[in-house]
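Everything below concerns the one structure shown next.
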2 protein chains.
Amino acid sequence: MKGNPITASMIPSIFTLANLLCGFLALILVIEKHYTIAAAMILLSVLLDSLDGKVARRLSVSSDFGKELDSLSDLVSFGVAPAILTYQAILYPLQSDYVKYIGLSIAAFFALCGAVRLARFNMLNITTHFVGVPITFAGGLLALLMLFRNMLPWYIYPVSMVILAFLMVSTFKVAKLGK
Amino acid sequence: MKGNPITASMIPSIFTLANLLCGFLALILVIEKHYTIAAAMILLSVLLDSLDGKVARRLSVSSDFGKELDSLSDLVSFGVAPAILTYQAILYPLQSDYVKYIGLSIAAFFALCGAVRLARFNMLNITTHFVGVPITFAGGLLALLMLFRNMLPWYIYPVSMVILAFLMVSTFKVAKLGK
């Protein structure tokens, strides 16, 4: 464990905080009904998330602090933001109240499974492969699907959320790409 | 570290996930402009957050998984949700675009400081006292202030957010109450 990270060791955390900032702004953009820009913000978070780890390894400044901050940012950018975006853009406008409440439950389920995944992954300390689908992939895919919402039927979104939620907390191994 | 938490060890995590669910629903309620109920949801999260730790200690099932999940939930319920609630309810309706953007920056700053605080606190592993103001207190206070928004001047909110953000990442010791 490295205490009091300064200078070079702070650089990866700047990327991580930028990731969190994009997730935060995605939520603000959802409120303002700018769903496409919100999805773009989440995709920008995916890019920033891939950079922080690379930068930390390149500079040899990987730290427990950085890992913790990364998990926290990931929950907002790839768990909460994509779930609320999908709910608001696709499920909330549906006519039936019944479908809306099921949609809200699915969105909450996705976010909660994301949190369970992150908590478990941080605890396991495995670096060679992923256990279950990474939340970055799940949230990124939902954001990507949002860009094609005029072409896809609405039910693709809740079904994808349920499948991705289960895949996040599943225990099968997924190879790590582009380390 | 306890691997594969089951049965009794899962009970505290149910409280933690309920805390996250309340934070998630607070965000949905902000979008639907139900600001008072959103603030009440955050205050309910404060209650649930105080329960998970107590239950874990009572059952002697404190775990790294539980601690991780707690931090993740806290960021959503006491960092992101109160910041977005305060921005939307108080700062967004202000006339000037200039003030709005400053307000958005302050809200984002509050959430980011909350994440830095949680990442640092989890890394330090201190159990006898808090270093800086806990995010639960900061987010809970913002939610409480929201209930009195018809009585308080608007500038109380951004000023409180800035002060609380700094206090969260400050390094002075705060006694732990009601352990």
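Summary table
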read-out: In nm, spacing of pseudo-spin labels at B:Ile102 and A:His34 (7 Å Cα→C-beta vector); value: 2.1
read-out: Tensor-based shape of the stretch A:8-175 (alpha-carbon gyration tensor, a/c under 1.5 rounded, otherwise prolate or oblate); value: prolate
read-out: Estimated 222 nm signal from helices in chain A, with DSSP H stretches of n ≥ 4 weighted -39500 (n - 2.57), rounded to 500; value: -21500 deg cm²/dmol
read-out: Cβ-vector label at 7 Å, B:Pro153, separations to other copies in nm; value: 5.8
read-out: The stretch A:50-91 versus the stretch B:138-179: alpha-carbon centroid distance in Å; value: 26
read-out: Shape category assigned to the protein assembly as shown from the gyration tensor of Cα positions, a/c cut at 1.5; value: rounded
read-out: Chain A: angle of helix A:156-169 to the longest principal axis, Cα-based, in degrees nearest 10; value: 30
read-out: Cα long-axis angle, helix B:97-124 against chain B (0 to 90 degrees, to the nearest 10); value: 10
read-out: Peptides A:100-112, B:78-90, A:162-174, B:31-43 ordered by average Cβ neighbours within 10 Å, highest first; value: B:78-90, A:100-112, B:31-43, A:162-174
read-out: Axis proximity, chain A to B: residue whose C-beta lies nearest, plus whole-Å distance; value: A:Ile31, 3
read-out: Shortest-first distances to equivalent copies, position B:Glu32, nm, label 7 Å out along Cβ; value: 2.4
read-out: Residue mean of other protein chain beta carbons inside 10 Å, A:69-77; value: 6
read-out: Calculated label separations, B:Ser170, copies of the chain, 7 Å along the beta-carbon direction, nm; value: 4.9
read-out: Degrees, to the nearest 10: B:35-58 long Cα axis against longest axis of chain B; value: 20
read-out: Packing-based ranking, highest mean first, of B:144-154, B:11-21 given that Cβ atoms within 10 Å are counted; value: B:11-21, B:144-154
read-out: Student exercise, the stretch B:8-175 dipole from Lys, Arg, Asp, Glu Cβ charges, in Debye to nearest 20; value: 280
read-out: Average beta carbon contacts from partner chains per residue of A:161-170, 10 Å cutoff; value: 0
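None of the figures in this text is laboratory data; all of them are computed from the coordinates on show. In this text the structure is predicted, and so the values were computed from the model without any measurement. Methodologically, a virtual Cβ is constructed for each residue, glycine included, from the backbone with ideal geometry; neighbour enumeration extends over all protein chains shown.
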